[in-house]
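The values are calculated or read from the model by the stated rules, or taken from the named source; none is laboratory data. If you're wondering where the values come from, they're calculated on a predicted model, not measured in any experiment. No Cβ is skipped: glycine too gets one built from the backbone with ideal geometry, and neighbour counts run over all protein chains shown. Surface accessibility is based on the protein's heavy atoms, side chains included, excluding ligands, DNA and RNA. Shrake-Rupley method; radii C 1.70, N 1.55, O 1.52, S 1.80 Å.
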Amino acid sequence: MTTLNPPTVWAVPDQARTIYAHAREAPLGRTLFVSGQVGVAPDGRMRAEFAEQLGQAMANVEALLAAAGMVLADLRKVTFILTRTDDLCTLERVRQTRWASSAPAAVTVLVAAALARADALVEIEVTAVRHSVFGDRAAGLLWWIARWARGFAAARGRPLSRINEQGDWLLRDLGLERSDIQSPAERLDELRRAIPFQ
């Protein structure tokens, strides 16, 4: 996971670095899209005050993450929608204590005239990405496979010489020379060795 706060964009203040990042680049993995969660408890009752609704909405998000086998660290994008600007300070305080992170999700906070449910004061929508259990090496392997598959698909219907040219392109891309390889089996073995997943 890469946090992007480049110097070409305004600097994130130190006090906000645990709850805000301009952008997060997610590695290949499982993605969870969570619909906007409001302060409704499991028994169906809406909490009364903003802080209670916020806490319940956060608990709902946490429960959905857990159901997907994910944790808060997997959050990549969070959108908070409030109906009152007066609640911004409370939101900031609760976020600092409950969802602070050394690598926070990319966050957007909006204030809207109303939410779909009239008594809702806050709604939270999130996107989470669970890093591949195989790590970056598997992501690299999948990237190479996808690239090879695109090349193979492009070669379909071409004469055999064109397919060999496509194979040469893949070998060059992997930093190999055709002269190093004697047969299709050896070519496949060489490709397997060159792919960053071992």
I need the full set of residues from the range 73-126 which are assigned to a strand (DSSP E or B) and either among the acidic types (Asp, Glu) or within 12 Å of GLY36 (Cα to Cα) (or both), in order please.
VAL78, THR79, PHE80, ILE81, LEU82, VAL122, GLU123, ILE124, GLU125, VAL126
What is the number of the single condition among (1) touching a Lys or Arg at 6+ places or on another chain (Cβ under 9 Å); (2) crowded, with 20+ Cβ neighbours inside 10 Å; (3) not hydroxyl-bearing (Ser, Thr, Tyr) that VAL71 does not meet?
(2)
The range 98-115, residues that are open to solvent by 80 Å² or more (accessible area, probe 1.4 Å) and within 16 Å of VAL61 (Cα to Cα)
ARG98
Taking the conditions exactly as written (within 30 Å of ILE145 (Cα to Cα), in contact with a helix residue (DSSP H, G or I) (Cβ under 9 Å, 6 or more places away or on another chain) and either free of Cβ contacts under 8 Å to residues at least 12 places away in the same chain or open to solvent by less than 60 Å² (accessible area, probe 1.4 Å) (or both)), does VAL78 satisfy them or not?
no
Residues of the range 55-70 classified as closer than 16 Å to VAL122 by Cβ and in contact with an Asp or Glu (Cβ under 8 Å, 6 or more places away or on another chain), total:
1
ARG137 being assigned to a strand (DSSP E or B) and either modelled with pLDDT under 90 or of a type in the set (D, E, K, R) (or both)
no
Please verify whether VAL38 is closer than 20 Å to ALA21 by Cα and of a type in the set (Val, Ile, Thr), treating the condition exactly as stated.
no
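Quick grid of which residues meet (1) under 26 Å from VAL111 (Cβ atoms); (2) open to solvent by 40 Å² or more (accessible area, probe 1.4 Å); (3) modelled with pLDDT under 85; (4) not β-branched (Val, Ile, Thr):
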site	(1), (2), (3), (4)
MET1	no, yes, yes, yes
LEU4	yes, yes, yes, yes
VAL9	yes, yes, yes, no
TYR20	yes, yes, yes, yes
ASP43	no, yes, no, yes
ARG47	yes, yes, no, yes
LEU54	yes, no, no, yes
ALA59	yes, no, no, yes
LEU88	yes, yes, no, yes
